[in-house]
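Derivation of every value follows stated rules applied to the coordinates shown; laboratory data play no part. Computed from a predicted structure; not experimentally measured.
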Amino acid sequence: MLQSEFEDRIKFKISQDEYLKIELLYTHDPKDRNKDDFCKFWLKNDGIQWLLNERQLKINELSRENKTLKFQLEEDNKISTKQYDTLYKRVMEQNKQILYYQNLFNSVKKLIKI
């Protein structure tokens, strides 16, 4: 099953990392369910809760990394301009990833009305 097929069946977007974990479950399903049946099974068996947990963990991980990078930027006055630019770019990329996962997280929360 393709990621887009899975998303069409569950009615929301997932990240590539999330899909890779789900795909492992699908390909190793001992009952060898078809795509539709697997997606129904996934939704009925806490798939959404698992997804919310995965996203919260990812947001927390990215936030910690981002905090560390920001601290390095603010505290280390001895770094070169090139090092500063590299750290700054990493902080900006982390911010984008955090926003991406927060949006994914919120889209699922709205769907299930938490």
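Values computed for the structure shown
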quantity	calculated
Extended-chain gain in nm, criterion 0.36 nm per residue less alpha-carbon gap, Asn95 and Thr81	3.0 nm
Pairs from Lys13/Lys44; Lys11/Lys89; Lys70/Lys96; Lys67/Lys109 whose Cα-Cα separation, in the structure shown, is over 24 Å	Lys11/Lys89; Lys67/Lys109
Candidate values (i) 13.4; (ii) 7.5; (iii) 8.5, label of the one derived for mean projected area of the Cα convex hull in nm²	(iii)
